[in-house]
Amino acid sequence: MSIDTSGSPSRLSIPADKQTTTGVDIPDLRGFVFALFFVFGGITSLNDVIIPKLKDLFTLSYAQAMLVQSAFFAAYFLISLPASVMVRRTGYMRTAAIGVATMATGCLLFIPASESGMFGVFLLALFVLAAGITIVQVVANPLISLLGKPQTAHSRLTFAQAFNSLGTTIFPYVGSILILGSLATVVPGSLSGEALDAYRTQESQVVVRAYLGLAAALAILAVVIWLRRHRLVETPAQETNLFQSFTLLRHRRFGLGALCIFVYVGAEVAIGSLLVNYLMQASTMGLEEQAAGKHVALYWGGALAGRFIGAYFLRQVSPGKLLAAVASGSILLILIAINSSGAVSGWALLAIGLCNSIMFPTIFSLACEGLGERAAEGSGIICVAIVGGAIVPPLTGYIADLAGLRLALLLPALCYAMILVYGIYARRPASGSH
């Protein structure tokens, strides 16, 4: 028997003992999706570690270093909608396998990037890696919403995002040891020609080794997913025009939600990307590079703790009201960081991770309330909006080059102010289907 799961990009044929009247109940599959959240979250957070490494290696300005995030998050803009079409045609499991294999390919591209000694080739490798992550995320977000009761979708997606945060907590700490562990004894600016190329190739090997290990793990994961692709028996859904999804933006609740995803991802990524350099400043904590990199794990660890806590509170409090509260907290912490010095300034910025915790899943589910059978299209548009991570960080870096890191934080504060307004606007349930 086929069940038309609301919002599913394809129809799922579920064994009778797994059917419910409110959703699809396959607990082990939920665990599998949680694992996907862990992997793509962890790899994304590694950007915060390689940005200071590449900044020093290629003597980049803050704005130039932030191009790492531009290359990475541009994939969401270019790949999200094609990925949603892929899900509709090939199903969840096959698309997930393709996405993980693409991630492994991106990791392998760090080898030619290192050998070339060119910053642009690193950006290409990051784009391919992010393309795979985008495909996986387009699968994971709607799928975890469907695997259970619709009434607890907010809580379930937040719980899944907690595994995403577990990855973003662990990976930067380990990455700091592997990538930022060796201190360079040569100043790149003092070299030129072949000597500079050789130096960059040698120093970038620590990055290559880290990503080669990831490539091996991802290749194994892709094979496992492919072998389990029959766990869900899927048939293609009705074809839709690729750009028809954008008509959803006419609906105010969804359109504003997509905008908030744009500014949220931009603010979160901008702060995370600047953390190492911010904590190294004498006016804050004055940490060494590796120690500052390990502190990035605390930023993402705050999001981890907050998501487990938030999964509970979202069952008790209006999601919109809770979203407005944590957005207010983020703005307050940024103002404290800007107007203080020493450890207080550093810890205030790190604590924003706790406020970030529920923002993405809550904005996502608030925006998609009432979409019904168009939920898959909504997921594609939301993933396109993640391109905010490609735009807000370079703008923040540009402000940092002109006015310093502290004043640059005002741009993320403005982003959180927009989320605060949306939380107040969406505090009541959607009145009906879009």
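Figures for the structure shown
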| item | result |
| --- | --- |
| For peptides 384-393, 320-329, 334-343, sequence by mean Cβ density within 10 Å, most packed first | 384-393, 320-329, 334-343 |
| Near-label residues of the stretch 400-430 by backbone N, under 18 Å of a point 7 Å along Cα→Cβ of Lys321 | 420-430 |
| Ranking of Thr90, Thr284 by count of other Cβ atoms within 10 Å, fewest first | Thr90, Thr284 |
| Amide N of the stretch 93-129 lying under 18 Å from the label point, which is placed 7 angstrom from the Cα of Ser61 along Cα→Cβ | 119-120 |
| Tail fraction, Cα-Cα pairs, the stretch 275-321, threshold 13 Å, whole percent | 63 |
| Length released on extending from Val344 to Arg250, taking residue separation times 0.36 nm less the Cα-Cα span | 29.5 nm |
| Ranked packing of 264-274, 70-80, 411-421, most packed first, by mean Cβ within 10 Å | 264-274, 70-80, 411-421 |
| Binned Cα-Cα distances of the stretch 259-388, short to long, each 5 Å bin given as a whole percent | 2, 10, 18, 20, 18, 14, 9, 5, 2, 1, 0 |
| Ranked packing of 302-314, 55-67, most packed first, by mean Cβ within 10 Å | 302-314, 55-67 |
| Extension gain from Ile220 to Val121, taking 0.36 nm per residue of separation minus the Cα-Cα distance | 33.1 nm |
| FRET efficiency, 1/(1 + (r/R0)^6) with R0 41 Å, evaluated for Ile111 and Arg228 via beta carbons | 0.90 |
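Read-outs throughout are calculated quantities, based only on the coordinates presented, and are distinct from any laboratory measurement. Just so it is clear, the structure is predicted and the values come from calculations on it, not from any experiment. Backbone-built Cβ (ideal geometry, glycine too); neighbour counts: all protein chains shown.
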